[in-house]
1. In whole Å, what is the distance between the alpha-carbon centres of region 191-217 and region 109-130?
2. Which ³J(HN,Hα) values, rounded to whole Hz and listed in residue order, are derived for region 74-79 from phi using the Karplus coefficients 6.51, -1.76 and 1.60 in 6.51 cos²θ - 1.76 cosθ + 1.60 with θ = phi - 60°, glycine and proline given as x?
3. Given the C-alpha atoms of the chain, compute the convex hull and give its volume per residue in Å³.
4. In a shell of Cβ-Cβ distance under 14 Å around residue 148, excluding residue 148 itself, what net charge do Lys and Arg (+1) and Asp and Glu (-1) give?
5. Could you work out how far helix 128-138 tilts from the main Cα principal axis of the chain, as a 0 to 90 degree angle to the nearest 10?
6. Along the charge dipole of region 10-234, Cβ charges K/R +1 and D/E -1, which of 116, 145, 75 sits furthest on the positive end?
7. For region 1-89, what are Rg and Dmax over the alpha carbons, in angstrom?
8. For each pair in 52/120; 120/196; 17/225; 92/137, compute the distance between the two Cα atoms and list the pairs where it is over 25 Å.
Amino acid sequence: MDKSNGTPFLELRDVNKTFNLSSGEVTALEHVSLTISKGELVALVGPSGSGKTTLLNIIGSLDRPSRGEVLLEGVRIDGLSEEDLVHFRREKFSFIFQDAKPLRMLNVLENTLLPFNFFKPKNRNGNIKDEGIEVIKSLGLGHRIYHMPSQLSGGEIQRVAIARALITHPAMILADEPTANLDRGNRLFVIDTFRKLSKEKGIAIVFSTHDLEIANRADRIVHLKDGVFLKDEPITCTPCSG
Ligand SMILES: Nc1ncnc2c1ncn2[C@@H]1O[C@H](COP(=O)(O)OP(=O)(O)O)[C@@H](O)[C@H]1O
Ligand SMILES: [Mg+2]
């Protein structure tokens, strides 16, 4: 449940996004309204160019809407200065990008702890390195802690991206096609990990995908086409397959 008495964790109100190009204006999102609660796992589905990445960027405050409002725990953040947004981003959000690549000269543990090269961990009792090792082990990479990225498979590399996303204790994870380049076993591992994190830690997770088998394991599927919501459907059997 949401701690904030029914206030959604994140809300978009009538969001529009246009990009101005020399060739004209491109509308990426039109009249998008959406609420996301703590602990919810939401799949964003739609063809290429339908606005999934743009929507994830706006939810995570990496980009601003051209019109409309973005509220985080009931507070508008779309008009905040970049300086103020940085704090929200660090404290609330983690990102897993489609082309998530670990730094090649750092080992798995160093890649996991990378965010703390830029800011200090908050509210920690234990040693941050020990916590990093625990997170890595929890993702089945206990035998890879000191390995370099060149020694890892694609599925293992995506787990490092998840470890790095988790180490900052985010309230929300935004993942852009996190399973796109993985085999089925690793795709299922990623979505089952997301489910566990959303249910056991209350993390809100929004991810984009083209894969309906993966989308069907979310709590909800939001369908986008040409920047417009087609439908927002709850999944009643969870997980639906397997
Ligand atoms: N930075 C940008 N500049 C111009 N157009 C963009 C930019 N980002 C996205 N678009 C356009 O917005 C639309 C939605 O793109 P995107 O959000 O990347 O869709 P998806 O992730 O579903 O493939 C597309 O028409 C795309 O070309
Ligand atoms: Mg995209």
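No lab work stands behind these numbers, since they all come straight from the coordinates. As the structure is a computational prediction, the values presented were derived from the model and not from experiment. Positions of Cβ are generated from backbone atoms using ideal geometry, with glycine treated the same way; all protein chains shown enter the neighbour counts.
1. Answer, in whole Å: 24.
2. x, 10, 5, 10, 5, x
3. Details: hull volume 34.3 nm³, N = 242.
Roughly 142 Å³ of hull volume per residue.
4. Numbers: positive: 101, 104, 144; negative: 110, 156.
The answer is +1.
5. Taking Cα atoms only, the helix is inclined about 80 degrees.
6. 145
7. Here Rg and the maximum Cα pair distance are 13.7, 47 Å.
8. Values: 52/120 31 Å; 120/196 27 Å; 17/225 14 Å; 92/137 23 Å.
Beyond 25 Å between Cα atoms: 52/120; 120/196.
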